[in-house]
Protein chains: 2
Amino acid sequence: MKTHTLPAALPAALIAASLGLSLALPAAAQEADERPTPNSVIEAAAPEEWAAIPTSDLMVMRLADDAEGNRREVVIQLMPKPFSQGWVDNIRLLANTSFWDGTTVYRVVDNWVTQWGDGEDNEELAKPLPEGIKVVPESEYVAKVPDEKSEQAGRFGLIDSYAEATDFRDGFPIVQTGDYWWPTHCYASVGVARDLTPNTGTGAELYTVIGHAPRQLDRNIAVVGRVIEGMEHLSTLPRGKGGAGVYADDSKRVPIEWVRMADDLSEEARPKFEYLATESASFERYVKVRANRGDSFYQVAAGGVDICNVQVPIRRITDAE
Amino acid sequence: MKTHTLPAALPAALIAASLGLSLALPAAAQEADERPTPNSVIEAAAPEEWAAIPTSDLMVMRLADDAEGNRREVVIQLMPKPFSQGWVDNIRLLANTSFWDGTTVYRVVDNWVTQWGDGEDNEELAKPLPEGIKVVPESEYVAKVPDEKSEQAGRFGLIDSYAEATDFRDGFPIVQTGDYWWPTHCYASVGVARDLTPNTGTGAELYTVIGHAPRQLDRNIAVVGRVIEGMEHLSTLPRGKGGAGVYADDSKRVPIEWVRMADDLSEEARPKFEYLATESASFERYVKVRANRGDSFYQVAAGGVDICNVQVPIRRITDAE
């Protein structure tokens, strides 16, 4: 038995925004409720607490239009250093050589993953990889915690079922056990599909998580980034009915028109995002409020939160701003 | 810092079934790998370790056919005693009076919930509820742990971010803090939508979880059951673009043709399921193997697992058996 109490909800005079299940929050209730919500903390964050995501870390995947003719674009943020850099290098090369153009989304498993790439098991039929693809060792699933940073581990006091400590680094959830830390699988995380260990995959076949965090994959697969926009284009696809959730009917595969690094798109087409800096005071407040919901929808504050239930706030920077 | 080690993977001479990300596991690798997997433990369970789900706890929801003319049916298992029984009684009454026939699935939020029912905020326009609907107090979100059972709490040793102990009762994940336990929100859990506290909802508006477990809703909303078949019909729906994820365009709402308790269906139409008894030796083994994957896809065993990542094995009983 252990306690799960994080510091109680902070005093604040902020208007609560409903993220609950009610359809409409009466205006009167909104005005009366001055307890902070995750949304109100985000809204109150100072402009300098937001950090731009380097556009050099963004990759855009254009799928074929949907049945109603709507454009489907997915934006993926690649993992910052020191994590998964060997695979991230491969992924940049694959995007820069147009490897994924004309490939497909070919596998969708409910509460598990949506997967894309060439999807051809037969090596003789598989699409050739570009020259320069690295073979990355399993040792790179984790990174050694630098001595000067180790005392910061676990600064939010979150209890985790899988690791000794949790943290956020440069906007990503990271977990740590002993002297090693690694990026963790959460909803919308992007990872490198592979065959049996010690194969670590090239990065040519990628997947994203469309269900509860499959944390057992941590340290067994390279987490290389996350979907930060357009997730619904991958999470709503029909589930595959073939072996391992592959589409049994090839016509169900969703064509990938192209994948490009954002910096290779025109200035107008290039997406720009920022995240609430995970080193900021507002982010610390956000984590505490997520662990201790006290706004008007809630009767009982959980007194804890798991790392994958703390979605780092990310927003698009529009030209109008 | 704390340790997260569950007992190491058990010795067993079972053929491993792949639940990994590879497309196809070579037959040679399958034969060489004798370490247990969650699937191999399920397959090795004795027939008497499987428990029938009472058909009186099953509810079937028939949606309108999809665009390709495929039938869409969802099977929901209602929560057993002592949890949420006031709302479960309401839900039985609503099904028995055909309340949901002609209502819709009207709200879908990515990584959150799919919600259905009447969906009308205006009380004057809302569909009248049948006579006999109970008003259930918030105190029934939790139940008191019986004295004779309290020493069993936490028998699997799982570490939880939200409660002091975790357990499984009659096939459902249950968590406990102090003298109280409650059913927990996991992927596919079904709960009662409501407005602001102390309103606890009637059960007429229901939702299911389509993303990472929103455990902050525990003890704040009645968990009344779970989807055990047809989840993909709710998880793949287009996400709503109106306020709170309601479909802005009414034509996007998915018609509900009917909802009935399984016992009111004909013998041929009545679904039958069984689950791996959560009190069985095989279930205990299953939890340990889920926490310590050692089969050929895995390089590192997690040494832990969170309760929502231990999906209780459920299978349909077919007439052929």
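Here, each number is a calculation from the coordinates, and none is a lab measurement. Computed from a predicted model, the values in this text were never measured in an experiment. Neighbour counts run over all protein chains shown; Cβ positions are idealised from the backbone, glycine included.
Okay, here's what the table says:
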| read-out | value |
| --- | --- |
| Packing-based order for A:128-140, A:104-116, B:166-178, using average beta carbon neighbours within 10 Å, highest first | A:104-116, B:166-178, A:128-140 |
| Inter-probe distance in nm under a simple model that places probes 7 Å from Cα toward Cβ, at A:ALA44 and A:ARG155 | 2.0 nm |
| Per-pair calculated FRET efficiency, R0 = 56 Å: B:SER98 and A:GLU123 via Cβ, rounded to 0.05 | 0.50 |
| Burial ranking of peptide ranges A:302-313, A:259-270 (average Cβ count within 10 Å, highest at the top) | A:302-313, A:259-270 |
| Per-q log10 I(q)/I(0), chain A, q = 0.15 Å⁻¹ (Debye; single scatterer per alpha-carbon; no solvent) | -1.31 |
| Where trypsin sites (Lys or Arg not before Pro) fall in DSSP loop in region A:56-88, at most 12 other Cβ within 10 Å | A:ARG71 |
| Between helix A:85-96 and chain A: long-axis angle, C-alpha atoms, 0 to 90°, nearest 10 | 60 degrees |
| q = 0.11, 0.12 Å⁻¹, the protein assembly as shown: log10 I(q)/I(0) [Debye, one scatterer per Cα] | -1.18, -1.46 |
| Calculated label separations, B:GLU48, copies of the chain, 7 Å along the beta-carbon direction, nm | 7.2 |
| Alpha-carbon Debye profile of region A:143-228, log10 I(q)/I(0) at 0.23, 0.26, 0.27 Å⁻¹ | -1.17, -1.34, -1.39 |
| The protein assembly as shown: antiparallel DSSP beta bridges as a percent of all, rounded to 5 | 100 percent |
| Ascending list, in nanometres, of distances separating the A:TYR180 label from those of the other copies (7 Å, Cα toward Cβ) | 4.1 |
| Loop trypsin sites (Lys or Arg not before Pro), region B:177-258, which have at most 14 other Cβ atoms in a 10 Å radius of their Cβ (DSSP) | B:LYS241 |
